[in-house]
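Here's the structure, in structure tokens; my notes come after.
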Amino acid sequence: MSRIAELFAKKKHRVLNVYCTAGYPEIDSTLEVLRSLQASGADLVELGMPYSDPLADGPVIQASSARALENGMTISRLFGQLASVRNDIQLPIVLMGYLNPLLQFGFEKFCEAASKAGVDGLIIPDIPMHEYESRYKEIITRYGLDFIFLVTPETPPERVQQLDALSSGFLYAVSSSSITGSENDMGAVEGYLKRLNEMRLNNPVLVGFGIKDKKSFETACRHARGAIIGSAYIKALDGEDGIEEKTSRFLKSILG
């Protein structure tokens, strides 16, 4: 059983997935951020690979990516940092990024390195479903990685079922057709999540985009297995205090 499957088998409610950008706020912050998230109660980590043209990311995560790139973060450097991650990090780790840098790195080489480093899954929003099936699925599966697709309120039910069938680990329910960090009408989001629930999907559903505080986290958790918080945590990493203190304070504000 994969670490992601094991998590969802053990924890039925209020799963908290926290997004952070590799190499932010400083080039060597990645492992400290991961350790702090684990110590403060996160269940899963979505680790963003910085890219100069992140299509789905809002201004906060874009800025963190730009800073990480300025710091010198690369995919090779990230894998170097993750070489020892499983010495003390038990949390499932999902790498989130865009296809172009992975193709430049070498897609199979990337999957092999991710698997060797102890990564559990991938989120690559700009791989279309048919491209995944015909070009990438076999490679990703060969290296034991989960692959998580995104669905939105506008995704037709038939396509949701298809994406759910192709996904493993969990299904990422984007709360609205917008960018990360956007303000959402959580009442409308609840209706969307109820519709997903009624479809009896194979994968657990986590909600992302616009989840920023205890109220929005609790709302998401009423109709899904948990939620993904990104921009709000990136903002919380700003400031003078240490990463551990800032992370602890932020997660306490979400989890109580």
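Things to note:
- Per-region count, the stretch 16-44, residues closer than 21 Å to VAL205 by Cα and of a type in the set (Asp, Glu): 1
- Residue in the stretch 136-151 that is under 17 Å from ILE228 (Cβ atoms), acidic (Asp, Glu) and out of contact with any Leu (no Cβ under 8 Å at 6 or more places or on another chain) present: no
- Residues in the stretch 140-168 that are touching an Asp or Glu at 6+ places or on another chain (Cβ under 9 Å), under 27 Å from LEU31 (Cα atoms) and without any contact (Cβ under 8 Å) to a residue 40 or more places away in the chain: ILE140, ARG142, TYR143, LEU145, PHE149.
- Residue in the stretch 53-68 that is farther than 15 Å from ILE234 by Cβ and in contact with a Ser or Thr (Cβ under 8 Å, 6 or more places away or on another chain) present: no
- Residues satisfying the stated conditions in the stretch 65-87, i.e. surrounded by fewer than 16 Cβ atoms within 10 Å (Cβ to Cβ) and charged (D, E, K, R): GLU70, ARG86
- Check on ARG77, farther than 29 Å from SER175 by Cβ, more than 18 Å from the chain's Cα centre (by Cα) and not polar (S, T, N, Q): yes
- Filter result for SER52 (over 15 Å from the mean Cα position of the chain (by Cα), closer than 25 Å to PHE149 by Cα and either outside any helix (DSSP H, G or I) or modelled with pLDDT of 95 or more (or both)): yes
- Against the criterion of being of a type in the set (Phe, Trp, Tyr), over 22 Å from PHE217 (Cα atoms) and not in a loop (DSSP other than H, G, I, E, B), PHE79 qualifies.
- Condition check for ASP120: in contact with a Lys or Arg (Cβ under 8 Å, 6 or more places away or on another chain) and under 18 Å from SER168 (Cβ atoms): yes
- Exactly one residue among GLN90, GLN62, GLN104 is open to solvent by 20 Å² or more (accessible area, probe 1.4 Å), over 18 Å from the mean Cα position of the chain (by Cα) and not hydrophobic (A, V, I, L, M, F, W, C), and that residue is GLN104.
- Conditions (1) part of a helix (DSSP H, G or I); (2) more than 17 Å from ARG77 (Cβ to Cβ): number failed by PRO125: (1)
- Residues that are open to solvent by less than 10 Å² (accessible area, probe 1.4 Å) and closer than 19 Å to ILE4 by Cα, drawn from the stretch 20-35: CYS20, LEU34
The values are calculated or read from the model by the stated rules, or taken from the named source; none is laboratory data. Note that the coordinates shown come from a computational prediction; the quantities given were computed from them, not determined experimentally. We place every Cβ from the backbone using ideal geometry, glycine too, and count neighbours over all the protein chains shown. Please note that ligands, DNA and RNA were not included when accessible areas were found on the heavy atoms of the full protein model with its side chains. Shrake-Rupley method; radii C 1.70, N 1.55, O 1.52, S 1.80 Å.
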